[in-house]
1. Which number in (1) in a strand (DSSP E or B); (2) surrounded by fewer than 16 Cβ atoms within 10 Å (Cβ to Cβ) marks the one condition that ASP184 misses?
2. If you check ALA78, ALA132, ALA101, ALA119, which single one turns out to be in a helix (DSSP H, G or I), more than 30 Å from ARG173 (Cα to Cα) and under 21 Å from the mean Cα position of the chain (by Cα)?
3. Does GLU123 fit the bill of being among the charged types (D, E, K, R), surrounded by fewer than 19 Cβ atoms within 10 Å (Cβ to Cβ) and free of Cβ contacts under 8 Å to residues at least 60 places away in the same chain?
4. Before we move on, is GLY345 of a type in the set (Gly, Ala, Ser), more than 11 Å from the chain's Cα centre (by Cα) and surrounded by fewer than 23 Cβ atoms within 10 Å (Cβ to Cβ)?
5. Taking ALA3 and the conditions (1) at pLDDT 95 or above; (2) surrounded by fewer than 24 Cβ atoms within 10 Å (Cβ to Cβ); (3) touching a Leu at 6+ places or on another chain (Cβ under 9 Å), which numbered condition does it fall short on, given that it satisfies the others?
6. Say we look at the range 4-17 and pick out the residues that are under 30 Å from PRO105 (Cβ atoms) and among the small types (Gly, Ala, Ser); which of these is farthest from the ligand (Cβ to nearest atom)?
7. Before we move on, is PRO285 at pLDDT below 95, more than 15 Å from the ligand (Cβ to nearest atom) and either under 24 Å from GLY188 (Cα atoms) or buried (at least 24 other Cβ atoms within 10 Å of the Cβ) (or both)?
8. Considering each of ARG325, ARG368 in turn, give the residue that is assigned to a helix (DSSP H, G or I), crowded, with 17+ Cβ neighbours inside 10 Å, among the basic types (Lys, Arg) and over 17 Å from the mean Cα position of the chain (by Cα).
Amino acid sequence: MKAERVLVVGGGVIGLACASFLRRAGCRVELLERETVGAGASRGNCGLLFGSDLVPLCHPGAIGRELKLLLRRRSPLAVRPAADPARLTWFLRFWRSCRPARLFPAMQARAAILSSSIALYEEFFARRTIRAGEERRGVLLVFESPEAFRAYEETARLLSAWGCAAEAVAAGRLREVEPALRADLAGGWWQRRDLHVRPERLLASWKQEALEAGVALREGCTVLGFRRRGERIEAVRTTWGDHEADQVILAAGAWTAPLARRAGWRPPIQPGKGYSRTFPRSGRPPAIPCYLYDRRVVVTPFADGIRLGGTMEFAGFDLSLNPARLDALSRAAAAGLEKPPEGPGESWAGLRPLSPDDLPLIGPVPGRRNLWIASGHGMLGLTTAPATGRLIAELVTGAAPHIDPQPFSPRRFR
Ligand SMILES: Cc1cc2nc3c(=O)[nH]c(=O)nc-3n(C[C@H](O)[C@H](O)[C@H](O)COP(=O)(O)OP(=O)(O)OC[C@H]3O[C@@H](n4cnc5c(N)ncnc54)[C@H](O)[C@@H]3O)c2cc1C
């Protein structure tokens, strides 16, 4: 079966990837974005293509550790109280996903989507289909606390069994590996094979590639709802009028949940707010992206700047900039870098689309014949976009999927 007309809703990195792979598979593709491409979480993020990040957020012991973090002053994690049944159900599902028996299948699924995505990115970069200021310097996990540094050894052992061995860097050698770090840190773990990109460049380049391939991009077009006939979506209702289609893909990031509700389904996706501050190159930027692990803040060097990013706030769809959270990014940088960047920087907040088992939802919407979802990519949407786009194109056109789609099936939340 070949889908003729496909509508993709959402112009973030996931929507772009879906549109681009669907077009390559021979579909007529329209991409609807309410603002401009990259208006959501995909633009101001940390830019890591973090292929070694196999352990899901929900893993054995995660609840205790995160609760301890919550109690800390200036915690990188915050939950704004709200009597929201969807959020409570989400937390319950997250808690269940922390069971030891869930870890192996989750890591297996993450390994599949991560390694496929990195291979696809490598191909794009080698062919110069997409240019994104990509560099392969790895990611250096940096620890202030000696206990946390030692405790990470267990995770490193687990990752090593999955072919992602991290190199331990003792305190004394840390500044040999990355001279921009402070002298009083406890140590680090270096994943050498990871890449990083400038997300804005990636989006601009991917958008160009999609346009040249023939994707029809409608920026400033908001999807309001759906016209249904039985189990089929006949048309998508937008601020530009009704758009008819054979297949519809929901790739609207954190906003996928409220949109899907209008089509009669409630996917368990919660917005997880994060912040970044981007500075012109100043101070002494690191050469390697550094993950300041105790504070959950990433420092990413770009050719023409440096970005600090992190924190996780459960605060609904509120995108306001909280000065205390932005300040926490700079404090983290000061605790990790000898000469952190100075000045106001450009502040940004984005909503990660979080699924409770930390695996994306990619596949058909339960109970609908021509509605698909590609969302819930959490902390790794930039990294896992290529394999998501390829898998959606395969599923929609009826081609053999290149990775097992089962672990990502939205039906697991029926
Ligand atoms: C601080 C921070 C750091 C991060 N760092 C990394 C990292 O280093 N590596 C990594 O892999 N991931 C990272 N992430 C995660 C990553 O940014 C997300 O997983 C990813 O951007 C999600 O992409 P998306 O396309 O699903 O959503 P989005 O980028 O949010 O795109 C959704 C789009 O849908 C549009 N939309 C919404 N509603 C409608 C509607 N009704 N009609 C039309 N359009 C609509 C929005 O305007 C938006 O453009 C980070 C996230 C944050 C917040």
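1. ASP184 satisfies every listed condition except (1).
2. Working: ALA78 fails: in a helix (DSSP H, G or I); ALA132 fails: in a helix (DSSP H, G or I); ALA101 fails: under 21 Å from the mean Cα position of the chain (by Cα).
Step by step, each of ALA78, ALA132, ALA101, ALA119 is checked, and only ALA119 is in a helix (DSSP H, G or I), more than 30 Å from ARG173 (Cα to Cα) and under 21 Å from the mean Cα position of the chain (by Cα).
3. Details: among the charged types (D, E, K, R): yes; surrounded by fewer than 19 Cβ atoms within 10 Å (Cβ to Cβ): yes; free of Cβ contacts under 8 Å to residues at least 60 places away in the same chain: yes.
Answer is yes for this residue.
4. Numbers: of a type in the set (Gly, Ala, Ser): yes; more than 11 Å from the chain's Cα centre (by Cα): yes; surrounded by fewer than 23 Cβ atoms within 10 Å (Cβ to Cβ): yes.
For GLY345, the condition - of a type in the set (Gly, Ala, Ser), more than 11 Å from the chain's Cα centre (by Cα) and surrounded by fewer than 23 Cβ atoms within 10 Å (Cβ to Cβ) - is met.
5. Among (1) at pLDDT 95 or above; (2) surrounded by fewer than 24 Cβ atoms within 10 Å (Cβ to Cβ); (3) touching a Leu at 6+ places or on another chain (Cβ under 9 Å), the lone unmet condition for ALA3 is (1).
6. At the first step, the residues of the range 4-17 found to be under 30 Å from PRO105 (Cβ atoms) are 8-10, 12-17.
Those still in the list that are among the small types (Gly, Ala, Ser) too: 10, 12, 15, 17.
Working: GLY10: 3, GLY12: 2, GLY15: 5, ALA17: 8 Å.
Here the answer is ALA17.
7. On the way: at pLDDT below 95: yes; more than 15 Å from the ligand (Cβ to nearest atom): yes; either under 24 Å from GLY188 (Cα atoms) or buried (at least 24 other Cβ atoms within 10 Å of the Cβ) (or both): yes.
When the stated conditions are applied, PRO285 passes them.
8. Numbers: ARG368 fails: assigned to a helix (DSSP H, G or I).
Residue meeting the stated conditions: ARG325.
The values are calculated or read from the model by the stated rules, or taken from the named source; none is laboratory data. All figures in this text were calculated on a predicted structure; none of them were measured in a lab. Ideal geometry is used to build each Cβ from the backbone, glycine not excepted, and the neighbour counts take in all protein chains shown.
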